[in-house]
Amino acid sequence: MLKTLNRTAATFTTVAILAACAFILSCSSEAQTTPCPEGTESYTEYRLFFGRGDGHDPMAVSEDAWSEFLEDTVTEQFPAGLTVLDARGQYTDSTGTLIKEYTKVLIILVSPDSDSAPKIDTIVEQYKQRFAQGAVLRQVINTCASF
């Protein structure tokens, strides 16, 4: 009798977990397939955050150096258009020191069916190599927009 109750409880638990997973998956797929509002189109938005400091100088990557990089690397990959914003960022380094630096935020909208990820990878790797930066923050967003 106890074995039957344990099996019944285990089966019920398994069914409940599977139902919860199915519900979560249906919610996330619904969000991805919801059409854009009338007058807008679906896009993939990339936001790249380029720290310009080196831990000692919050603007080690000068405005001129950034402009060259934007022209010869970024624009070469995305000639159709992009947006650049100036920002201030901060993080805590491995020693616990708060580091503040100037940042460039690059926003690029592309068609969701375009193969733009390798171009984004090229931009990120070129920046890290050229300016000895450890990382570039990358955010990828599915969005709707109109021009």
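Between Ile99 and Tyr91, Thr92, Asp93, the built amide H atoms are under 5 Å apart, and every one of these is 5 or more places off in sequence or on another chain. Every pair of different Cα atoms in the range 72-147 enters the Kirkwood calculation, which places the hydrodynamic radius at 14.4 Å. Of all aspartates and glutamates in the structure, the ones whose alpha carbon falls short of 12 Å from that of Lys119, not counting any fewer than 8 places away in one chain, are Glu76.
Each label was represented as a point 7 Å from its Cα along the Cα-to-Cβ direction; for Phe49 and Asp64 these points are 2.9 nm apart.
Bridgeable aspartates and glutamates around Lys100 (alpha carbons under 19 Å apart, same-chain partners fewer than 8 residues away excluded): Asp54, Asp57, Glu63, Asp86. The modelled label-to-label distance between Gln139 and Tyr91, using points 7 Å beyond Cα along the C-beta direction, is 1.5 nm. Maximal additional length on extending the Thr75-Glu38 stretch stands at 10.3 nm, based on 0.36 nm per residue less the C-alpha distance. Along the range 62-73 the Karplus relation, 6.51 cos²θ - 1.76 cosθ + 1.60 evaluated at θ = phi - 60°, assigns HN-Hα couplings of 5, 4, 5, 5, 4, 4, 4, 4, 4, 6, 8, 10 Hz to successive residues, with x for each Gly and Pro.
Readers should treat all values here as calculations from the given coordinates under stated rules, not as data from a laboratory. Because the structure is a prediction, the values reported are computed rather than measured. So basically every Cβ, Gly included, is an ideal-geometry build from the backbone, and we count neighbours across all protein chains shown.
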